[in-house]
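Beneath this line is the structure, given in structure tokens, with notes to follow.
Please treat every number below as a calculation from the coordinates, not as lab data. This is a predicted model, so every value here is computed, not measured. We place every Cβ from the backbone using ideal geometry, glycine too, and count neighbours over all the protein chains shown.
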There are 2 protein chains.
Amino acid sequence: MLIPKTHPRATSLYIREKLVHGFREGLVVEEGLLAHGRGEMFDYLIGEKTTKTSQKAIKAAARALLVAKLPVISVNGNFAALCAKEIVELSKITGAKIEVNLFYASEKRKKAIAQILKKNGAKEVLGIESKFAKKIPKLDSARRVVDKRGIFSADVILVPLEDGDRTIALKKFGKDVITFDLNPMSRTAQTADITIVDNVTRGMKILIDVCKKLSKKDLEKKSKFDNKKNLKKSTLIIRKNLRRMANA
Amino acid sequence: MLIPKTHPRATSLYIREKLVHGFREGLVVEEGLLAHGRGEMFDYLIGEKTTKTSQKAIKAAARALLVAKLPVISVNGNFAALCAKEIVELSKITGAKIEVNLFYASEKRKKAIAQILKKNGAKEVLGIESKFAKKIPKLDSARRVVDKRGIFSADVILVPLEDGDRTIALKKFGKDVITFDLNPMSRTAQTADITIVDNVTRGMKILIDVCKKLSKKDLEKKSKFDNKKNLKKSTLIIRKNLRRMANA
């Protein structure tokens with residue numbers, strides 16, 4: 001569909017088209033389209049822009065990825081469809097490994113996702129070969145399988161657009177979790193150590209920029225980031241916008 | 001996928017699966033999946049339950065359908081995928097006709113929807129045969145076509161999960177409009193005469209129950225339902241829930 005540039009929601013519709021394209025290519029499942037629709041509404045409520053509050057979380061995330069010993073970027077279908085290029089770029093800047101990890105697992109889809117990442121320059125994609133599979137505790141069987149060279153051994157994991165159960169299991173397993181979640185009240189948002197309340201298509205670009213700009217000195221300073229406080233600010237932004245909309 | 005019963009969002013995920021099934025059967029389009037996701041988010045904000053405010057709207061809707069001369073239930077892909085059985089049951093109790101009417105029209109999809117309704121016991125499904133097609137004014141060509149035995153002649157129409165443009169056109173055409181819409185601020189919600197701010201999978205069951213229970217005496221009383229006031233209450237519930245969630 002040709003989206004007119006003048007459409008008030010043109011950007012949101014472009015992102016949607018990108019996801020539908022990913023669906024047709026076999027990266028995204030139907031449930032992923034539904035989950036995206038849910039995110040769209042929250043994006044609408046935060047004003048479809050990266051807030052100052054989210055920028056703080058992005059800075060904390062950049063720092064955490066750069067100082068990590070073994071950072072990993074966990075990739076699902078939606079994330080790959082929306083940000084394949086940015087995932088690879090972020091991995092190169094931070095030295096993070098890339099691992100495919102799906103809520104609705106299928107070998108075919110895993111391979112399609114690995115392929116799009118390689119097409120965008122990824123040299124190595126974990127989570128594909130069964131000989132490296134390891135199980136993390138306290139999750140049902142399908143979702144607990146991770147790569148022993150990746151998530152299993154990582155200290156810091158970026159898991160965007162993630163399910164609450166999985167985020168909690170990763171925390172219990174001792175990992176530092178960074179996430180993108182447009183719903184500041186979700187279990188994932190509340191459980192993660194650093195939650196970026198932003199659309200991945202905007203936030204990933206900024207995260208890459210910030211990673212490039214942070215100096216050694218910046219990394220030596222202790223982080224003062226408070227996730228709970230930050231999330232409250234995001235919720236406040238939504239409440240303010242909702243009040244404005246209700247009175248419009 | 002097998003959804004664990006212990007998942008805190010199990011019901012929401014079951015509904016999602018139902019819609020995905022409808023997508024695979026050709027009832028639902030991709031845009032319908034995304035639209036459902038947006039609704040999911042509002043359902044989450046109203047607390048994933050039927051509020052007292054919505055129950056009032058349901059009672060008013062039951063009354064309006066039962067006293068109507070020619071009530072019609074307008075059915076699109078998502079509504080059929082989620083509530084085929086309930087649509088047929090409501091039609092039998094109220095004497096309402098069932099008409100298929102789509103935003104993204106296609107003959108194939110219309111037939112698939114009619115088929116699932118018939119499989120669930122519908123004797124007659126309007127909106128399929130072109131010889132009964134009539135146009136309503138002030139809408140673009142694809143969506144203005146309705147059945148002259150149905151929506152064209154109806155006095156009361158139930159049009160759930162509807163687009164704002166179409167709701168406005170039906171109002172301008174002199175119809176009494178009842179809708180299900182989880183976003184109390186949407187144009188459809190604001191334009192309809194009775195807006196049920198509830199998930200159709202919950203609300204339809206209650207609507208059927210209320211239709212069964214309303215006595216002749218109940219129907220003789222004048223309705224005191226005020227939609228604008230009711231919608232303001234729903235918006236207030238969302239704002240309160242947001243505040244509660246933010247402080248949790």
Query raised in the report: Got the B:Thr6 label distances to the other copies yet, label 7 Å along Cα→Cβ, in nm, shortest first?
Result: 5.6
Query raised in the report: Of the beta bridges DSSP finds with both residues in chain B, what % are antiparallel, to the nearest 5?
Result: 20 percent
Report summary line: Applied in sequence order to region B:154-170, the curve 6.51 cos²θ - 1.76 cosθ + 1.60 (Karplus, θ = phi - 60°) yields integer Hz couplings, x standing for Gly and Pro, of 5, 9, 10, 10, 9, 10, x, 6, 9, 6, x, 3, 6, 4, 4, 4, 5
Query raised in the report: Measuring from a point 7 Å out along Cα→Cβ, what nm distances, shortest first, does B:Lys49 have to its partners in the other copies?
Result: 3.8
Query raised in the report: Roughly how big is region B:52-240's charge dipole about its Cα centre, with Cβ charges of +1 (Lys, Arg) and -1 (Asp, Glu), in debye to the nearest 20?
Result: 400 debye
Report task. Return the sequence-ordered ³J(HN,Hα) values of region A:218-231 in whole Hz as given by the Karplus equation 6.51 cos²θ - 1.76 cosθ + 1.60 applied to θ = phi - 60°, using x for Gly and Pro. Result -> 4, 6, 6, 5, 7, 6, 10, 5, 10, 5, 4, 5, 4, 5
Requested in this report: Have a look at A:Pro137, A:Pro71, A:Pro160 and tell me which one the Gaussian network model of chain A (Cα, springs below 10 Å) gives the largest fluctuation.
Outcome: A:Pro137
Report summary line: Label points for A:Lys138 built 7 Å along Cα→Cβ; distances to same position in the other copies, nm, shortest first, come to 5.8
Query raised in the report: Build a GNM of chain A with springs between Cα atoms under 10 Å: which of A:Thr50, A:Thr235, A:Thr11 gets the top mean-square fluctuation?
Result: A:Thr11
Report summary line: Volume per residue (Å³) of the convex hull spanned by the alpha carbons of the protein assembly as shown is 150 Å³
Query raised in the report: Which order, highest average first, do A:89-96, B:144-151, B:197-204 follow once you tally other Cβ atoms within 10 Å for each residue and take the mean per peptide?
Result: B:197-204, B:144-151, A:89-96
**Report entry** Average partner coverage of B:14-26, which counts Cβ from other chains inside 10 Å
**Finding:** 2
Query raised in the report: For the rotation that superimposes chain B on chain A, which residue of B has the C-beta lying nearest to the axis, and at what distance in Å?
Result: B:Gly37, 1
Query raised in the report: Around B:Ile98, which amide H atoms from residues at least 5 apart in sequence, or from another chain, sit under 5 Å from its own amide H, with H modelled in the peptide plane?
Result: B:Ile73, B:Leu126
Report task. Taking 7 Å along the Cα-to-C-beta vector as the label spot, tell me the B:Asp155-A:Tyr104 distance in nanometres, rounded to one decimal. Result -> 4.5 nm
Requested in this report: Using only Cα atoms, locate the centre of region A:144-205 and the centre of region A:95-120, then give the distance between them in Å, rounded to an integer.
Outcome: 16 Å
Report task. Would you mind checking which residues have amide H under 5 Å from A:Asp155's amide H? H placed 1.01 Å from N; only 5 or more apart, or other chain. Result -> A:Lys69, A:Leu70
Report task. Using just the helices of chain A, give the 222 nm mean residue ellipticity in deg cm²/dmol: DSSP H runs with n ≥ 4 each add -39,500 (n - 2.57), and the total is spread over all residues, rounded to 500. Result -> -17000 deg cm²/dmol
Requested in this report: Take chain A, connect every pair of alpha-carbon atoms lying under 10 Å apart with a spring to form a Gaussian network, then pick out the residue of A:Ser234, A:Ser12, A:Ser130 with the largest mean-square fluctuation.
Outcome: A:Ser130
Query - Phi-based couplings in Hz for region B:125-132 (Karplus 6.51, -1.76, 1.60; Gly and Pro marked x) - result: 10, 8, x, 9, 7, 5, 5, 9
Query - Residue mean of other protein chain beta carbons inside 10 Å, B:38-46 - result: 5
**Report entry** Where N is the number of residues in region B:42-109, Cα Rg divided by 2.2 N^0.38 Å
**Finding:** 1.29
